[in-house]
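The values are calculated or read from the model by the stated rules, or taken from the named source; none is laboratory data. Nothing here was measured: the structure is a model prediction, and the numbers come from that model. Cβ placement follows ideal geometry from the backbone for every residue including glycine, while neighbour counts extend to all protein chains displayed.
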């Protein structure tokens with residue numbers, strides 16, 4: 001078990017408003033962390049900052065990923081190093097087919113590792129295998145990226161992309177929202193299948209529901225830009241029973 | 001409707017003077033190197049041109065394109081038809097299977113007839129030199145040449161009619177269907193700066209079908225000012241596809257004018273693709289004058305550096321139950337300028353008209369400029385007309401989404417720009433051309449498109 005991610009005193013803002021006010025978090029390989037908290041506490045900002053969204057400005061603090069300075073890296077290099085963000089609101093890109101999009105993404109990562117571009121047959125096989133893992137319709141992957149997808153299809157498509165890219169650190173931002181129970185099971189099964197000793201996952205959610213299907217090793221409560229409580233899996237169950245109030249106003 | 005210049009600018013009058021002098025002085029050479037069918041239109045055009053001159057930016061419809069200025073330079077005209085040594089059939093061998101079997105060339109404004117293509121066209125079809133057509137089919141030629149090319153408010157058309165000596169004709173008789181597309185390659189060659197004036201005439205009889213791809217290529221690195229007037233006739237139930245692909249150098253000014261007339265149930269599909277250019281003005285005038293006629297008009301320009309694209313489309317619904325659909329898109333980078341004006345006229349009795357217009361523009365740099373204007377004049381009350389206009393930048397959210405998957409920022413921009421052009425390419429009804437164009441557009445954005453004499457469509 002090696003250290004993968006080390007966040008120290010992270011402050012970040014958007015449009016002159018400070019959202020993150022000193023986050024400290026360490027994630028080791030093989031672990032699943034759940035970050036919970038009420039709306040507006042900064043959960044999605046944390047995900048955006050980790051993936052390098054240029055809309056957010058980091059004002060203080062450091063993030064080390066595999067001992068490299070993550071904040072110095074462009075979003076694409078973070079992805080190539082193995083960070084994957086499953087978007088809360090996946091973006092529709094009309095005119096760019098899923099096939100071309102995925103091929104470009106896979107090949108960029110291979111290029112970064114000094115590998116040859118994937119062959120057409122290997123790529124199609126990879127697409128088929130991962131599509132089947134998520135029970136996705138073959139018609140979906142021949143369409144434009146997320147265009148006209150239902151909410152559930154978009155979320156499945158995020159996990160499909162995660163499976164294709166096989167990241168070291170996956171950040172799932174509200175992946176459970178907008179999913180019915182069947183879709184949730186499929187998505188959770190996909191995430192569990194992809195989890196290994198080498199990689200790690202950060203689950204961002206404000207319901208305990210997802211945690212019935214994906215068991216976290218650590219649970220953190222984020223409130224007003226800080227982690228106010230950390231604990232084991234039991235913390236999530238307690239939160240489900242008691243809400244956040246007892247932590248916010250003790 | 002025409003903006004008549006009241007006080008003609010003395011500078012533009014001087015510019016025009018050079019050309020009217022030239023016309024008067026070399027009139028006999030002009031006529032001697034052309035045919036009576038074209039010569040008989042010169043005088044009237046000359047009178048009109050002296051009245052209205054070249055369009056200038058004082059006119060509303062030319063606000064962002066000062067045409068007169070483009071003629072303010074020393075330009076030669078090859079009026080005596082001195083041959084330009086080139087065998088295009090060697091230089092432009094086509095190896096795309098099952099696509100361009102019928103291949104023709106205009107070298108500047110002359111039909112290249114040194115080699116007759118082995119084209120196996122259906123019986124009765126004519127495809128070739130305008131001079132030859134006017135002599136072989138004098139009645140058909142007279143009934144169509146310069147009949148719909150309205151020069152009353154367009155000095156470029158009058159100018160073209162004064163000087164045009166040859167061009168290209170397709171005549172497809174009633175009930176004849178040409179399965180394979182025809183391709184006309186316009187090659188610009190010259191050792192000095194040149195003015196080139198060419199004509200194209202397309203006549204599709206009742207139930208006839210023809211598809212034509214016209215490619216423009218400048219070979220030599222001199223300035224060319226090209227005027228082109230195309231007249232298209234689609235008789236009842238005819239189907240005509242015309243795709244124009246411009247791949248000229250930055251030193252080329254292209255002043256293109258397309259006029260079409262459609263009878264009942266006819267379909268016209270056109271698309272003007274500007275892949276590489278200098279200064280381009282495309283005037284389109286589509287007139288739907290038979291019920292249930294349809295016109296589908298596409299336009300796409302990719303411009304960078306200081307390139308200029310101006311598309312002016314006039315859709316004239318003269319009778320009921322017709323459909324028109326316009327889709328014009330521009331991708332502008334660096335200091336490029338784009339102009340679009342979409343005029344739709346629904347005449348008084350043209351009930352049940354469906355007329356749709358869309359203009360979308362992507363300004364991918366701070367300095368690129370786009371001027372766009374929809375102009376709807378509707379005199380019937382039971383119609384469906386719509387227009388949509390957007391000018392914007394690349395979608396930041398989509399860019400970040402792609403970068404978050406490891407796709408390089410430049411590559412992501414490129415994919416988004418290619419995607420933006422997709423629906424114009426989809427309008428084209430020749431599958432192999434769609435594929436070819438997709439590749440060319442991708443290369444254009446990557447800066448890999450070698451702008452040279454080689455036909456990128458064929459090679």
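The rows are residues; the columns are (1) modelled with pLDDT under 95; (2) closer than 21 Å to residue B:298 by Cβ; (3) in a strand (DSSP E or B).
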| residue | (1), (2), (3) |
| --- | --- |
| B:367 | no, no, no |
| B:394 | yes, no, no |
| B:432 | yes, yes, no |
| B:454 | yes, no, no |
ask   = Is one or more of the residues making up the range B:250-261 touching a helix residue (DSSP H, G or I) at 6+ places or on another chain (Cβ under 8 Å), in contact (Cβ under 8 Å) with a residue 40 or more places away in the chain and within 20 Å of residue B:170 (Cβ to Cβ)?
value = yes
ask   = For residues in the range A:162-201 being assigned to a helix (DSSP H, G or I) and touching a residue at least 60 places away in the same chain (Cβ under 8 Å), which is surrounded by the most Cβ atoms within 10 Å (Cβ to Cβ)?
value = A:162
key: Condition check for residue B:337: touching a residue at least 24 places away in the same chain (Cβ under 8 Å), crowded, with 18+ Cβ neighbours inside 10 Å, within 14 Å of another protein chain (Cβ to nearest Cβ) and under 20 Å from the mean Cα position of the chain (by Cα)   = no
query = Can you find a residue in the range B:371-380 that is out of contact with any strand residue (DSSP E or B) (no Cβ under 9 Å at 6 or more places or on another chain) and not in a helix (DSSP H, G or I)?
reply = no
request  = Within the range B:260-277, track down each residue that is crowded, with 24+ Cβ neighbours inside 10 Å and within 18 Å of residue B:144 (Cα to Cα).
outcome  = B:260, B:262, B:266, B:268
Identity of the residue in the range B:394-412, more than 7 Å from chain A (Cβ to nearest Cβ) and surrounded by fewer than 19 Cβ atoms within 10 Å (Cβ to Cβ), that ends up nearest to the chain's Cα centre (by Cα) = B:394
message = On the basis of being touching a residue at least 40 places away in the same chain (Cβ under 8 Å), over 20 Å from residue B:406 (Cβ atoms) and within 14 Å of chain B (Cβ to nearest Cβ), does residue A:84 make the cut?
response = no
request  = For the range A:21-42, indicate whether the set of residues that are buried (at least 22 other Cβ atoms within 10 Å of the Cβ), without any contact (Cβ under 8 Å) to a residue 40 or more places away in the chain and touching a helix residue (DSSP H, G or I) at 6+ places or on another chain (Cβ under 6 Å) is non-empty.
outcome  = no
task = Kindly indicate which of A:74, A:116, A:132 is loosely packed, with under 15 Cβ neighbours inside 10 Å, over 24 Å from residue B:438 (Cα atoms) and at the interface with chain B (Cβ under 9 Å from one of its Cβ atoms).
result = A:74
ask   = Which of the residues spanning the range A:135-159 are at positive phi and either out of contact with any helix residue (DSSP H, G or I) (no Cβ under 6 Å at 6 or more places or on another chain) or buried (at least 19 other Cβ atoms within 10 Å of the Cβ) (or both)?
value = A:146, A:148
task = Report whether or not residue B:331 is within 14 Å of another protein chain (Cβ to nearest Cβ) and not in a helix (DSSP H, G or I).
result = yes
inquiry  = Among the numbered criteria (1) out of contact with any helix residue (DSSP H, G or I) (no Cβ under 8 Å at 6 or more places or on another chain); (2) farther than 27 Å from residue A:148 by Cβ, which one does residue A:47 miss?
reply    = (2)
request  = Being closer than 14 Å to residue B:165 by Cβ and modelled with pLDDT of 85 or more narrows it down to one of B:109, B:43, so name that one.
outcome  = B:109
message = Quick check on the range B:104-113. Is at least one of its residues farther than 30 Å from residue B:85 by Cα, in contact with a strand residue (DSSP E or B) (Cβ under 8 Å, 6 or more places away or on another chain) and not in a strand (DSSP E or B)?
response = no
task = Name, by its number, the condition in (1) part of a strand (DSSP E or B); (2) modelled with pLDDT of 95 or more; (3) out of contact with any helix residue (DSSP H, G or I) (no Cβ under 7 Å at 6 or more places or on another chain) that does not hold for residue B:291.
result = (1)
key: Residues of the range A:161-171 satisfying the condition of being more than 18 Å from residue A:48 (Cβ to Cβ) and away from chain B (no Cβ under 12 Å)   = A:163, A:168
inquiry  = I'm trying to understand the selection: among the residues of the range B:413-448, which are within 7 Å of chain A (Cβ to nearest Cβ), buried (at least 20 other Cβ atoms within 10 Å of the Cβ) and either over 16 Å from residue A:103 (Cα atoms) or under 22 Å from the mean Cα position of the chain (by Cα) (or both)?
reply    = B:420
inquiry  = Between A:99, A:106, which is buried (at least 19 other Cβ atoms within 10 Å of the Cβ) and either within 8 Å of another protein chain (Cβ to nearest Cβ) or part of a helix (DSSP H, G or I) (or both)?
reply    = A:106
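Would you confirm, using the coordinates I've provided, whether residue A:58 is more than 10 Å from every other protein chain (Cβ to nearest Cβ) and at pLDDT below 95?
Considered against the rule, which asks whether it is more than 10 Å from every other protein chain (Cβ to nearest Cβ) and at pLDDT below 95, residue A:58 comes out as no.
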query = In the range A:230-243, is there at least one residue being touching a helix residue (DSSP H, G or I) at 6+ places or on another chain (Cβ under 7 Å) and either at positive phi or assigned to a loop (DSSP other than H, G, I, E, B) (or both)?
reply = no
inquiry  = Please return the ranges of strands (runs of 3 or more DSSP E) entirely within the range B:165-245 where 3 or more residues are at pLDDT 95 or above.
reply    = B:167-172, B:194-204, B:209-218, B:224-234
request  = Could you look through the range A:77-96, keep only residues that are closer than 22 Å to residue A:140 by Cα and out of contact with any helix residue (DSSP H, G or I) (no Cβ under 7 Å at 6 or more places or on another chain), and pick out the one that is surrounded by the most Cβ atoms within 10 Å (Cβ to Cβ)?
outcome  = A:92
request  = Kindly establish whether residue A:88 is part of a helix (DSSP H, G or I) and closer than 21 Å to residue A:171 by Cβ.
outcome  = no
